[in-house]
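Heads up, the thing below is written out as structure tokens.
The values are calculated or read from the model by the stated rules, or taken from the named source; none is laboratory data. Bear in mind that the values here come from a model prediction, so they are computed numbers and not experimental data. With ideal geometry, Cβ positions are generated from the backbone for all residues, glycine too; neighbour counts draw on all protein chains shown. With ligands, DNA and RNA removed, areas are computed over all heavy atoms of the protein, side chains included. Shrake-Rupley method; radii C 1.70, N 1.55, O 1.52, S 1.80 Å.
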Amino acid sequence: MPGIVRFVPPPATLSAPESADRAGSRPHRVVALALEGVVLLDLAAPTHLFGHCGAPHYSFALAAVSPGPVRSSTGLEVLARDGLEALRRADTVVVAGIEPDTEPKGFAAAAAAVAAAHRGGARVMSICTGAFVLAEAGVLDGRRATTHWDSTARLAARYPRVTVDPSVLYVDEGRVLTSAGVAAGLDLCLHVIRRDHGAALAAHIARRTVVAPHRDGGQAQFLHRPMGDAIHPEGSLEATRAWALGRLEQRLDVVTLARRACMSPRSFARRFRQETGTTPAQWVLDQRTRAAQSLLETTDLPVEHVASRTGFGSATSLRTHFGRRVATTPTAYRRAFRQP
């Protein structure tokens, strides 16, 4: 007989950085929705990051079509204390993945509840094939979205109004967010925490979870690594990336990086994309943006000095790239997330 995993909301005991909610504000209410055949790892990501590590910034609840045990894809059952009415009280609804090529019991009712929550102002997210529930709800119409790479063609065929991107880890469309499968759910949840509370808290929670603090949503879902890397780990460019992280204020074009790795620029760029899913230039810009976020949160340095120390060169350049990646200005970001 399969066991039942009972969800108990955790106490607010996490010792987090000072980037907490402003004094007197209530926790952001996150409700995860589990349908029959829920993918257990897809449900574990929001449960762990919002429910366990997210307190006191977030409160967390698990809902189902009706309260009671819900069979997971592994055969284990999870116990949902709330029904679909809980979505009406949510600030964020997270729909975990379901078994491929299935339409579980209560699928239509769940989609209707998600649509109502979104109309009421809730942010809605999906992990893996949970995107099918969001698509059925209509909240993905006219938007970009993603799901597990093995289900992207099926999602696009069934919901032609959705622009399905089969290659990325996650897509942020403001109040509607979708992610690829399993581990990408961790990336999406950390992205949301970073968006809500800043890079310091997201990095703190990532350290507790022992995962990378940030993987850009545009990174490829799966990477074709040369077989030689497993046999000759010295062929990895990890050392070059670590070297670059300590010199973000310096010139870090592909020629400089390739010279450090003792490779031709063309071979270096090809290997870099195979290892990271992005180009050297985009990777450097992402790292500089993250470093700028950290300085804005933790120091009183003028924006011009932040730009210089992180390799952007000028405040104008920092504002341009910051706006593209963080969708705000450095000054507004500091005002929102500056630690006391």
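Just checking, how many residues over the stretch 187-205 are farther than 15 Å from Ala55 by Cβ, in contact with a Ser or Thr (Cβ under 6 Å, 6 or more places away or on another chain) and open to solvent by less than 10 Å² (accessible area, probe 1.4 Å)?
The number of residues fulfilling the criteria is 2.
When you go through Ala115, Ala135 one by one, which is the residue that is surrounded by 24 or more Cβ atoms within 10 Å (Cβ to Cβ) and more than 18 Å from Pro67 (Cα to Cα)?
Ala135
Are any of the residues in the stretch 280-301 open to solvent by 60 Å² or more (accessible area, probe 1.4 Å) and outside any helix (DSSP H, G or I)?
Within the stretch 280-301, one or more residues are open to solvent by 60 Å² or more (accessible area, probe 1.4 Å) and outside any helix (DSSP H, G or I).
Kindly establish whether Ser126 is among the polar types (S, T, N, Q), within 24 Å of His28 (Cβ to Cβ) and touching a His at 6+ places or on another chain (Cβ under 9 Å).
The answer is no for Ser126.
Does Leu140 fit the bill of being within 19 Å of the chain's Cα centre (by Cα) and open to solvent by less than 60 Å² (accessible area, probe 1.4 Å)?
So Leu140 passes the test.
All but one of (1) at pLDDT below 95; (2) among the small types (Gly, Ala, Ser); (3) within 20 Å of Arg123 (Cα to Cα) hold for Ala230; which doesn't?
Of everything listed in (1) at pLDDT below 95; (2) among the small types (Gly, Ala, Ser); (3) within 20 Å of Arg123 (Cα to Cα), Ala230 misses just condition (3).
Modelled with pLDDT under 95 and crowded, with 18+ Cβ neighbours inside 10 Å, is that true of Leu76?
Judged against the criteria, Leu76 is not a match.
Restricting to the stretch 253-279, what's the tally of residues that are open to solvent by 40 Å² or more (accessible area, probe 1.4 Å), under 15 Å from Ala239 (Cα atoms) and not in a helix (DSSP H, G or I)?
The total comes to 2.
In the stretch 97-106, is there at least one residue being within 23 Å of Gly51 (Cα to Cα) and open to solvent by less than 20 Å² (accessible area, probe 1.4 Å)?
Scanning the stretch 97-106, I find at least one residue that is within 23 Å of Gly51 (Cα to Cα) and open to solvent by less than 20 Å² (accessible area, probe 1.4 Å), so the answer is yes.
Having 2 or more residues that are touching a Lys or Arg at 6+ places or on another chain (Cβ under 6 Å) is the bar; report the strands (runs of 3 or more DSSP E) wholly within the stretch 77-136 that clear it.
Qualifying strands (runs of 3 or more DSSP E): 77-80.
Let me spell it out: the conditions are (1) part of a helix (DSSP H, G or I); (2) open to solvent by less than 70 Å² (accessible area, probe 1.4 Å), and His305 meets all of them except one. Which number is the exception?
(2)
For the stretch 11-24, state whether one or more residues are of a type in the set (Ser, Thr, Tyr), within 28 Å of Ala111 (Cβ to Cβ), modelled with pLDDT under 95 and in a loop (DSSP other than H, G, I, E, B).
Scanning the stretch 11-24 turns up no residue that is of a type in the set (Ser, Thr, Tyr), within 28 Å of Ala111 (Cβ to Cβ), modelled with pLDDT under 95 and in a loop (DSSP other than H, G, I, E, B).
Restricting the stretch 158-186 to residues that are touching a Gly at 6+ places or on another chain (Cβ under 9 Å) and of a type in the set (Lys, Arg), which is most open to solvent (accessible area, probe 1.4 Å)?
Checking each candidate, the answer is Arg161.
Scan the stretch 244-251 and give yes if some residue there is out of contact with any Phe, Trp or Tyr (no Cβ under 8 Å at 6 or more places or on another chain), at pLDDT 90 or above, open to solvent by less than 60 Å² (accessible area, probe 1.4 Å) and outside any helix (DSSP H, G or I), otherwise no.
The answer is yes, given that some residue of the stretch 244-251 is out of contact with any Phe, Trp or Tyr (no Cβ under 8 Å at 6 or more places or on another chain), at pLDDT 90 or above, open to solvent by less than 60 Å² (accessible area, probe 1.4 Å) and outside any helix (DSSP H, G or I).
Quick one: would you say Arg154 is among the charged types (D, E, K, R), loosely packed, with under 15 Cβ neighbours inside 10 Å, in contact (Cβ under 8 Å) with a residue 24 or more places away in the chain and touching a Phe, Trp or Tyr at 6+ places or on another chain (Cβ under 9 Å)?
no
Among what's in the stretch 53-68 and is surrounded by fewer than 18 Cβ atoms within 10 Å (Cβ to Cβ) and touching a residue at least 24 places away in the same chain (Cβ under 8 Å), pick the residue that is farthest from Ser126 (Cα to Cα).
Filtering the stretch 53-68 for residues that are surrounded by fewer than 18 Cβ atoms within 10 Å (Cβ to Cβ) and touching a residue at least 24 places away in the same chain (Cβ under 8 Å), the one farthest from Ser126 (Cα to Cα) comes out as Pro56.
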